[in-house]
Structure formats: C-alpha cells, structure tokens
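A short worksheet on the structure shown next.
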C-alpha cells in the first residue's frame, strides 16, 4: 500500500500523519501539494491531515474543496480508492461532498484539545477488529457533526457511522460527547465501498506509547489488513 | 548635508508634538545635538520609537549587564532576535519570551494573538522551526468586572493564533492578583530548533545587497505601539485601540514555511522580522548590528491602506512582515519560493556602506491609486537621513534613582500565627485547591492545541511540557527531546525582590529536572511598574541580582529576554513579575518522569527540608487568602541546598528509580500532594495517598501551606526507597518517607498519627477542576 498525504498551505498536522504512515505503519508515503492536479502515481491511500487548509477564515474547508488536488482526490475516492480525512481533513471531505453533513462550531464555542474515547460503530476497513473503546485526542473548534434527519437515517441504516464518542467504559452519549455532535458521531464512512473515512479525533497523534498511547495506530493497521 | 524634505502636512515641531511622542526636553536636545539640525516630523516619529523604553531599554540597560549570559552551550546570547543554545549533533534550541501586556489589556484577543505571532517570528527569523510555545498570564482579581472578558479573550487569542500556525502550546502559568486589575500580563514564549550551521542573524551585510520585504501588506495598524508600551495607562485616558495590531496566523504559517525553505538554500545575508516599530526598527537594527548603512525606498512598500504617509509606513506595526537581505543575484530564487507560498515579495532597498539610514519616497505617490504613473527617480525626496549609531547607540541610557519600598518593613513584621485556625483542615484544603490561583488551569490549556506535530510527551498540567523533535540534516534524522517550564511568583518578588527573582529561576529549573531534563538555558520577561519611581527601580535592580545569583548557582545562562516597564495604572504598579522561561534537554526518553502518582502502593517521599518554621507562611497564597495581603517574611531560598536538590532530582530521573516527582510551590506541601494525587488528566490515573508529617498538629497551617522553596514530593516503588535515600544522602539532601500512594482518599497526618486532612480524591479533583468556574462559568 502506498500513501499520499495532501498538504495545503495551512495544513499543520501533516508532519505527524507522514511520521505515522511512514515510520510506524511503514507505508511508502509521499506528499501531494495542493496545487498538484494529480496524486502521486500508484497512490492507494490518500490522507488529508488536520490544520487550517487556507486559513479557514471563511468556513473550514470551503476553499480547499475547489483546490486542484481535491479534484484528483475525488476521482480516487469515486474509483473506490482509500481516503482518510482527519479533523480539518474531515471538514474538507464534507465540504467537497465526499462525505455528507457538516462540522460546525463546538457546542461550548471553544477550541478543545484533550483525549476522548470513541467506540467503533460499524464494520469497515478502518474499524475491523478494533477494540470496543479507543482513546484518541481531539483538537478542534469546529467538530460538531450535523446532518439533516434523512442523512442521519441513511448513515445509521447503512452502517456508515464509523465512530461514536463514549466514556472510558464504552457508554455512548452525555458528557462523553465533547462537541455536541449529533448521534455522538466522531467519524463516518463514505464512498462506494466504505473506502472514505472522515473523523475528528487524531489517530495519527496517538500511534506510539511515547506520546501517550497507540490506539490510533490500530485504524491504520486495520486498513492495511483489510486491503491485503 | 541638508536635512530631509518637509512633506505636505508635516506639523511644526512644538512642545506639544514632542510630548505626544513622549520625547522629553533632554532627549530632544540630545537629538538635535547629535544631528546638528532639528529632525523632520518623520524623523521625530522614528526617534520616538527607537528611543522608546520598549526598543532602547534605556532604563534597564545599565542593570542587564549583570546577568550571566555565557556558557559552554551558548551560541548566541541576548542582543539578537532570540537566544541560541547548542543541543548537540549539530542542532540548536532557539528561544525567547516576550511581553504583549499593553495591547492585550486594550484588545485581549488580538493583543494576545499578535504576542504569539511576534515571538514565533523572533524564533523562525533565526532559521528555526518553532516546536513549542508557552504562555505566562496574569490577570486581576477573579471578581474584578473585567477579568472574565480579559481571560476569555486572551486565552482565545493565544489559542487562535498558535493552533492555526501549528505550534503546540505545551505549558505556561496563570495567576490572579488585584495588582493586575488594570494591567494584565501576557508573556509569550516560543522555542524552535535549527541546524547550528544554518542560524540566521539580523544583519544587513554585503554592500549593495538588495533588501526584500516579504509577507503581509502595510496598513495603519499598530502605529506607535512601541511608545504605548512605554507608557502607563490612566482610567480616564483616551481609547488606545487604534494602536493594537491585528493578527493573521495563516499568513504567519506561510511565512514560516517560505522562510524555512529560503533558509535551506544559500540565499540570504541576513533577515529580521518587523516587530515593534515595524520597518524602522527592523531595518535600523540590521544596519546597526552589521555596522553598515541602509537605503529604503518607501514607494516600493506593499500596502493595503490608501494614502499612507512616510511617517505611517515607517511606524506601522502591521503583523506578519519580514525583511530579507538577499545575496545579489539570488532575488529571483527568493521570489520563486515566495510565489510557491503565494506571498508578496518586493525589493524595497539596499545595503550601503554609509553608516546612515536613508529613506526616500515620492511625495504624494500612492500605488493603490490607479491613476498614478510610476514614480521617477528624480521625483523622489529624502524623508529621513540619520546616522545609524545615533538611532541606536546614542539612545539615552538612564541609571534611574533607586529607593527602598517603605511598606516592606511593616509587611515583613506580620506574624502568620495570628491567623485564626480554621475549623477543619480537610475543608480548608478542598477550598484552597479550588481557588483560581491553585486550581487546575484545564479550562485554559484545553483551548490550546498542545499536541500538534505529534511529538508532545508531557502536556500542559505537568511540571514541564516535553516535546520530541525530529531533527533532520542531510537525510539523517536524530530525535531531540526538549522540556519547557515557565515560573514566577510575583508576591514573593514584591516582598523580597532578590529572593523572589532567584526563586523564579530555581523553580523553573526545578520543574525541568523533576521531569527528567537538564536545564540548558533561560529566557526572562521582566514585567515591572514605572522605572521613574525609585522603589520600582530598586525592585528591578535587586531582581536582576537575584536572577543572576540563581543562574550562577544552578549553572544556567540567560540567553534572551525582554523588559516591560510602565505596567501600572493610575500610579499603582503590578506585582514585580520577572517571568522565567526555562529550556531543558532530556537525554533519553526513558528519563522522563511523571508529575503525578502512577499507581497504588508506591512510597511517597519528601526530598528537601521536611519542616517549615511557623513563620515561613510569609508571602504564601494561604496568607493572601486569609488576610487579603501579601505579607509576612517570605521563606529564604538557600541556593546551595537548591543546587544539591536539583542535582539529586536529575540523577533520580536518569537512574529510573522514581515513578513521579513534583515540586511543592504555590499552596505548599498540601497542594503539592493533592496535585500528585489528582492532577492527571485522566480519572483512571487518580491515586490517593496516606502520609504522615514529622510535625505537631499545632503547626498545621505552615506544615500544609507554607511555600518554602527547594522541596520535591517523589514516589517510588517501595523496594527502591533505600536506594533513593542513599542517593539523597550522598548529596546531603534530606529525604523523608512520608507514606504510601493508593486508595480513594488523601490523608495527611501530623506527629502521633493525628489526622489533619482526610478527603476523598473525587472531592479534591472536582474542586481543583472547577477552580476557574467562578470566573468563566462551567
């Protein structure tokens, strides 16, 4: 599996995404610049990292959706290619229409950075074989997942809710939800074969014990296992 | 030589104009004598900022020379944009702390945000990628009507800027005191890492080299920010809002990436960010450091406001702007890199050998006016023509009068034993750890991205923030682990400027060694009241000596810093606050030590003197809360004991024999024990403890809450207690076994098993974590 990390001028979680994919999961990993019209050749996995793509003074990801590289990412996703968007990457995927719904300002109106717990809520390439509770960090001001009732129904019925916020024991809802996301949604699947994942927590920032935990590494390992 | 042109609209040189520029009569006379002619209006503006306290350090310079700034690791001490310290394998840590107090009080979000932006630029300007930030904040009393809005705005501003730029904010401090009611402190720290063979200096070298302006366009924001920072506020004064700058962190991010790319090729002779006093200060400083001259053509300045005058362009403090001195012939390559990052770059001048700072412009020319034809060389006039050394070295230096603080004797005489004993020490402790000064700062640091770039090993809330930094050189990567701490207890400094300042150094370094890091360098941010008052100058002078003594005792240099005077409102000064930012190097990731208990059944040890005298409550948070005053004689810092203690702590960390270490500081030993027990962010990592103090119950107040320096609470496996004791004995450090970790309660006993405190950990945790709710809500 070959990975490409998309870098916008305001991406700032690209270093840890590249480090995790290249040095920990040990995938050949390249960088795709936002002005590129094509992904690097033979890209299997596209990772859109966190950050503030073009400053995001407008809506997060609203400018990124029309960037040259996103047209290539769209073609890749529609072909069934693997895509993971983390934090700002998730926001960009929803703005680009590759995932439904929107990420709006946290209910408490503040940026929040801390560890949360999530539970896998559907089978899929990034969630197969995961433990029932993972500890992952969040770091966002706009992470409250919202969608209309029909979309939520489709996500729930289609097994497309990839992760929900929960407490350390796995109980979903209530105070465990850090941003007011509807249905406690932390991440969703999309694409023709659940090949696109968007999530607010940062698995790439918690993939080795030295930085506080390695639960995040399991998502990437699950994908590598599913793809082979 | 004829003087510069008088421009249309230049006001005449009147006493009122001089006053508006805060240039006094002596200074004006000195200026005229140096020039041999009166300055033009534009030149007066330039002098007012260059000779301002903020830029010239005119009141502090005579004292700053007493600070130790050299050492085997020091590559660059004070005087450059930031200090540079060798961290081995061809890499250096580059860091500084700087104040942005006045702007943050006027407009808290933008003031704090641009404070972060400014310190980031100081660091990456030298060729370093920023790897960690901290912020040291002071606000007025929690129930002051403005405190909540100021706190919300400043924290959101620090986060809003740092989070976007993508530099983790890994630590800092936050204190409340009524002295900051009208003058908050926002001290921002950043550290970066660079290759030692690619460090860039703010020097305009190479005669004929072009000067490039890169980054945001120039507007009217921030004009006279440096002079504002050199003045005190008054309640009835006019709004100073127009002098506050507005930050654009995305632009800063572009500048960082573009500059680091430019630095990686051999394109530049020097570089300087435009900070306080903008284009003027940056260009003058570069010419001064290299002993060269400089010519600027204002017609070429990129601008976003119409009809800017030379005066405005030279004094604007628009953010996110850099001046690059490019090697001749390399301009196109620099421009190509700027294009990649969609940044403006314009040649705005050149280096000369004249020793003069010459500014030219075409009167009335405005590139934003489409109808205008491009300016012609023959239409340009000289608007400033000043010797560089007059702007810098000839700036006045004052050895201002010093005198004792007459209130100190009475305050020292206060006997803390006169404070009535509370009914329950348990309830007292629950209340104390829930106060804004002692409680958890979680509400603040959760608004900072402390983990961006994926290398944060210890997050805010710990004694030191710790970051792993991959250092790449020629395709080979080594990992460095850096630790950061910021400390100052202004109350202790006010009661004893020498001792309080020395304690700030000791505590910052102690927080590093107990985390497993060797202190390698310090930066200071010296926040004081008006230097024109003798008691303030006395505080300042003594504090400098205290800092210096502690640096010598602990063998760590101060490599960069900042002085902020005039922190007062209506004649009332802030607590003297010489904030110390400390940088440490962790030799091996396995040496990192937790600040919190790690499990049940470990031994709890106290390293350092076990007993506090009854009088040592002086200056403590306890006395403050009980009497509303900072009073009593503060406990003395013994630098020999501190040095031995810190040597022991680092040895224990490196021998991997302790499970946690945490220093007893604000709130004393009792607060420290609570922090060890319930300070971890995750509830499953809370461990109570049962400890016994070798003290009579009648001494409970000072035993629990006195803030004696040089004490560390450690925990270790019980099988290792004797080994730890032996290591302590070898260094002459007292080491007492207090008790054991575990259980759901914090129990503290006096001699004879008398129970002083017995509280459930959940209560202590809930109290600590709601500490800021009284200010900002749940």
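The values are calculated or read from the model by the stated rules, or taken from the named source; none is laboratory data. What you see is a predicted model, and the numbers here were worked out from it, not measured in a lab. Don't worry about glycine lacking a Cβ; one is built from the backbone with ideal geometry, like all the others, and counts go over all protein chains shown.
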Every residue from region A:1-13 that is more than 9 Å from chain B (Cβ to nearest Cβ) and within 15 Å of residue A:205 (Cβ to Cβ): A:5
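With respect to residue B:131, is the statement that it is over 30 Å from residue B:775 (Cα atoms), within 14 Å of another protein chain (Cβ to nearest Cβ), at pLDDT 95 or above and surrounded by 23 or more Cβ atoms within 10 Å (Cβ to Cβ) true? Full working, then the answer.
Details: over 30 Å from residue B:775 (Cα atoms): yes; within 14 Å of another protein chain (Cβ to nearest Cβ): yes; at pLDDT 95 or above: yes; surrounded by 23 or more Cβ atoms within 10 Å (Cβ to Cβ): yes.
Spelling it out, residue B:131 is indeed over 30 Å from residue B:775 (Cα atoms), within 14 Å of another protein chain (Cβ to nearest Cβ), at pLDDT 95 or above and surrounded by 23 or more Cβ atoms within 10 Å (Cβ to Cβ).
Determine, yes or no, whether residue B:466 is surrounded by 22 or more Cβ atoms within 10 Å (Cβ to Cβ) and not in a strand (DSSP E or B). Give the steps one after another, and end with the answer.
Numbers: surrounded by 22 or more Cβ atoms within 10 Å (Cβ to Cβ): yes; not in a strand (DSSP E or B): no.
Considered against the rule, which asks whether it is surrounded by 22 or more Cβ atoms within 10 Å (Cβ to Cβ) and not in a strand (DSSP E or B), residue B:466 comes out as no.
It is to be established whether one or more residues within region B:201-218 are touching a strand residue (DSSP E or B) at 6+ places or on another chain (Cβ under 7 Å) and under 26 Å from residue B:582 (Cβ atoms). Please lay out each step first, then the result.
Going through region B:201-218, the residues touching a strand residue (DSSP E or B) at 6+ places or on another chain (Cβ under 7 Å) turn out to be B:201-218.
Going one step further and asking which of them are under 26 Å from residue B:582 (Cβ atoms), we end up with B:201-202.
Within region B:201-218, one or more residues are touching a strand residue (DSSP E or B) at 6+ places or on another chain (Cβ under 7 Å) and under 26 Å from residue B:582 (Cβ atoms).
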Would you call residue B:191 more than 14 Å from chain A (Cβ to nearest Cβ), more than 20 Å from residue B:439 (Cα to Cα) and buried (at least 24 other Cβ atoms within 10 Å of the Cβ)? yes
Over region A:196-224, the set of residues within 13 Å of chain B (Cβ to nearest Cβ) and part of a helix (DSSP H, G or I) is A:203, A:204, A:205, A:209, A:210, A:211, A:217
Being modelled with pLDDT of 95 or more and within 22 Å of residue B:563 (Cβ to Cβ) is true for just one of B:230, B:234, B:179. Which residue is that? B:179
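Give B:581, B:516 a once-over and let me know the one that is within 14 Å of chain A (Cβ to nearest Cβ) and either in contact with a helix residue (DSSP H, G or I) (Cβ under 8 Å, 6 or more places away or on another chain) or in contact (Cβ under 8 Å) with a residue 40 or more places away in the chain (or both). Can you show your working first?
Details: B:581 fails: within 14 Å of chain A (Cβ to nearest Cβ).
Of B:581, B:516, the one residue that is within 14 Å of chain A (Cβ to nearest Cβ) and either in contact with a helix residue (DSSP H, G or I) (Cβ under 8 Å, 6 or more places away or on another chain) or in contact (Cβ under 8 Å) with a residue 40 or more places away in the chain (or both) is B:516.
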Considering A:30, A:16, which residue is facing another protein chain (nearest Cβ under 10 Å) and closer than 25 Å to residue B:165 by Cβ? A:16
Yes/no for residue B:685 being within 14 Å of chain A (Cβ to nearest Cβ) and in contact (Cβ under 8 Å) with a residue 40 or more places away in the chain: yes
One residue is enough: does region B:436-454 have a residue meeting the conditions more than 11 Å from chain A (Cβ to nearest Cβ), in a loop (DSSP other than H, G, I, E, B) and modelled with pLDDT under 95? no
For residue B:614, all conditions in the list (1) in contact with a helix residue (DSSP H, G or I) (Cβ under 6 Å, 6 or more places away or on another chain); (2) buried (at least 18 other Cβ atoms within 10 Å of the Cβ) hold save one; what is the number of the exception? (2)
So, residue A:25, is that one out of contact with any strand residue (DSSP E or B) (no Cβ under 7 Å at 6 or more places or on another chain), surrounded by 17 or more Cβ atoms within 10 Å (Cβ to Cβ) and within 14 Å of chain B (Cβ to nearest Cβ) or not? yes
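Yes or no, residue by residue, for (1) modelled with pLDDT of 95 or more; (2) crowded, with 20+ Cβ neighbours inside 10 Å; (3) touching a strand residue (DSSP E or B) at 6+ places or on another chain (Cβ under 6 Å):
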position	(1), (2), (3)
B:40	no, yes, no
B:53	no, yes, no
B:76	yes, no, yes
B:98	yes, yes, yes
B:119	yes, yes, yes
B:137	yes, yes, yes
B:142	yes, no, yes
B:155	yes, yes, no
Restricting attention to region B:667-681, does a residue exist that is within 14 Å of chain A (Cβ to nearest Cβ), farther than 14 Å from residue B:606 by Cα and within 29 Å of the chain's Cα centre (by Cα)? yes
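Can you find even one residue in region B:320-335 that is in a loop (DSSP other than H, G, I, E, B), buried (at least 22 other Cβ atoms within 10 Å of the Cβ) and within 14 Å of chain A (Cβ to nearest Cβ)?
Start the filter on region B:320-335 by keeping residues that are in a loop (DSSP other than H, G, I, E, B), which leaves B:320, B:327-330.
From the residues that got through so far, the ones that are buried (at least 22 other Cβ atoms within 10 Å of the Cβ) too are B:320.
Applying the additional criterion that residues be within 14 Å of chain A (Cβ to nearest Cβ) yields B:320.
Checking region B:320-335: at least one residue is in a loop (DSSP other than H, G, I, E, B), buried (at least 22 other Cβ atoms within 10 Å of the Cβ) and within 14 Å of chain A (Cβ to nearest Cβ).
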If residue B:245 passes every condition in (1) surrounded by fewer than 24 Cβ atoms within 10 Å (Cβ to Cβ); (2) at pLDDT below 90; (3) part of a loop (DSSP other than H, G, I, E, B) but one, which one does it miss? (1)
Scan region B:399-417 and give yes if some residue there is exposed (fewer than 13 other Cβ atoms within 10 Å of the Cβ) and modelled with pLDDT under 90, otherwise no. no
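Can you name every residue in region A:44-59 that is touching a strand residue (DSSP E or B) at 6+ places or on another chain (Cβ under 9 Å) and surrounded by fewer than 24 Cβ atoms within 10 Å (Cβ to Cβ)?
Taking region A:44-59 as the starting set, the residues that turn out to be touching a strand residue (DSSP E or B) at 6+ places or on another chain (Cβ under 9 Å) are A:44-53, A:59.
Passing the criteria: A:44, A:45, A:59.
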Of the conditions (1) under 30 Å from residue B:418 (Cβ atoms); (2) at pLDDT 95 or above; (3) surrounded by fewer than 23 Cβ atoms within 10 Å (Cβ to Cβ), residue B:774 fails just one. Which one is it? (2)
With the condition kept exactly as written, say whether any residue in region A:60-82 is surrounded by fewer than 20 Cβ atoms within 10 Å (Cβ to Cβ), assigned to a helix (DSSP H, G or I), at pLDDT 95 or above and within 14 Å of another protein chain (Cβ to nearest Cβ). yes
When the residues of region A:42-59 are filtered to those that are part of a loop (DSSP other than H, G, I, E, B) and farther than 15 Å from residue A:32 by Cα, which remaining residue is nearest to the other protein chains (Cβ to nearest Cβ)? A:55
Out of region A:106-154, which residues are without any contact (Cβ under 8 Å) to a residue 40 or more places away in the chain and within 19 Å of residue A:213 (Cα to Cα)? A:113, A:132, A:133
